Amino acid sequence: MELNRLTASGISIFQRFLYSCSSNAVLPWPESILSDPAHSEHVEVNVLLERRSFTTRFELAEYLNNRFESAGFRPARADGGLWAWIACFYFNEICPKSRGVLQPGSAPRWIPQSSDWRRYYRHLVAGPYGIYRAHREAPMRAFAVLCQRPGRPGDLVEQLASRQQIVTNPAIMQVATNWFVDASTGQQRRNANSKGAGGPRRFIDVLNQFDLTWDLSMLGPEELSARLPPEFRVASS
């Protein structure tokens, strides 16, 4: 389907649908707004997206990046109507469910809040795409926050991606990926869910302490790893 962007009325309809998912009267998925000129408009170039599922946030981000690159298109972070359109287009593919019940979560997961990074990163499409683009020279180094299912980011993403200076830092993200992802499986290690030693919250605390002494933007992955406390030296699956 040809990429569009939602107008204000389209976003309003999408919002009403999202809110209804938490009630006993769920509205039908508003597919018609994707092409209805009353609720959507064309973007500047022709970008075609196919309806498909994605195993990981990385796969979703890589697919969109490739589509945009091949069309010579660079979507703006602030283009909320475009990101909301893509989220609506892939709603059935990425929305988590529990026993068949839709669980879309809060509105910023679908309609981006571009003025506030601590909310913007939560968008299920713009968030992973933005991280992928920030590390486009070597996107796998950010796999720690891109290895999750598109609709279920989890606490590791919450802790790392909510901090823009951390999630865009090449060395930090490489170290995080080395520590929190099992390279043999591409899955999160068990420590990625820990709230204690060796977990993401402790990782952030250590980085905040380091930031008082060193310029983290000047450290490479090896230098950063060497400074980490012993709890981050050996990860077990």
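The values are calculated or read from the model by the stated rules, or taken from the named source; none is laboratory data. Here the structure is a predicted model, which means the values were calculated and not measured. FYI the Cβ positions are ideal-geometry reconstructions off the backbone, even for glycines, and counts take in every protein chain you see.
Of (1) of a type in the set (A, V, I, L, M); (2) touching a Leu at 6+ places or on another chain (Cβ under 8 Å); (3) assigned to a loop (DSSP other than H, G, I, E, B), ALA197 satisfies all except one. Which?
(2)
Please specify each residue of segment 112-145 satisfying the condition of being among the hydrophobic types (A, V, I, L, M, F, W, C) and surrounded by fewer than 21 Cβ atoms within 10 Å (Cβ to Cβ).
Those that are among the hydrophobic types (A, V, I, L, M, F, W, C) and surrounded by fewer than 21 Cβ atoms within 10 Å (Cβ to Cβ): TRP117, ALA134, ALA138, MET140.
Could you please give the count of residues in segment 69-121 that are outside any loop (DSSP other than H, G, I, E, B), touching a residue at least 40 places away in the same chain (Cβ under 8 Å) and basic (Lys, Arg)?
Total meeting the criteria: 1.
Looking at GLY130, GLY100, GLY154, which is the one that is at pLDDT 95 or above and not hydroxyl-bearing (Ser, Thr, Tyr)? Step through it out loud before you land on a result.
Values: GLY100 fails: at pLDDT 95 or above; GLY154 fails: at pLDDT 95 or above.
Only one candidate qualifies: GLY130.
Quick one: would you say ARG77 is charged (D, E, K, R), touching a helix residue (DSSP H, G or I) at 6+ places or on another chain (Cβ under 8 Å) and modelled with pLDDT under 95?
So ARG77 passes the test.
(1) in contact with a Leu (Cβ under 8 Å, 6 or more places away or on another chain); (2) among the β-branched types (Val, Ile, Thr); (3) in a helix (DSSP H, G or I): which one isn't true of VAL26, the others all being true?
(3)
Given the residues GLN164, GLN209, GLN148, GLN187, which is the only one that is surrounded by fewer than 17 Cβ atoms within 10 Å (Cβ to Cβ), outside the structural domain of ASN65 (by TED's automatic domain parsing) and under 24 Å from GLU93 (Cβ atoms)?
Working: GLN164 fails: under 24 Å from GLU93 (Cβ atoms); GLN209 fails: under 24 Å from GLU93 (Cβ atoms); GLN148 fails: surrounded by fewer than 17 Cβ atoms within 10 Å (Cβ to Cβ).
Of the residues listed, the single one that is surrounded by fewer than 17 Cβ atoms within 10 Å (Cβ to Cβ), outside the structural domain of ASN65 (by TED's automatic domain parsing) and under 24 Å from GLU93 (Cβ atoms) is GLN187.
Within 18 Å of PHE58 (Cα to Cα), of a type in the set (Asp, Glu) and surrounded by fewer than 19 Cβ atoms within 10 Å (Cβ to Cβ): does that describe ASP182?
yes
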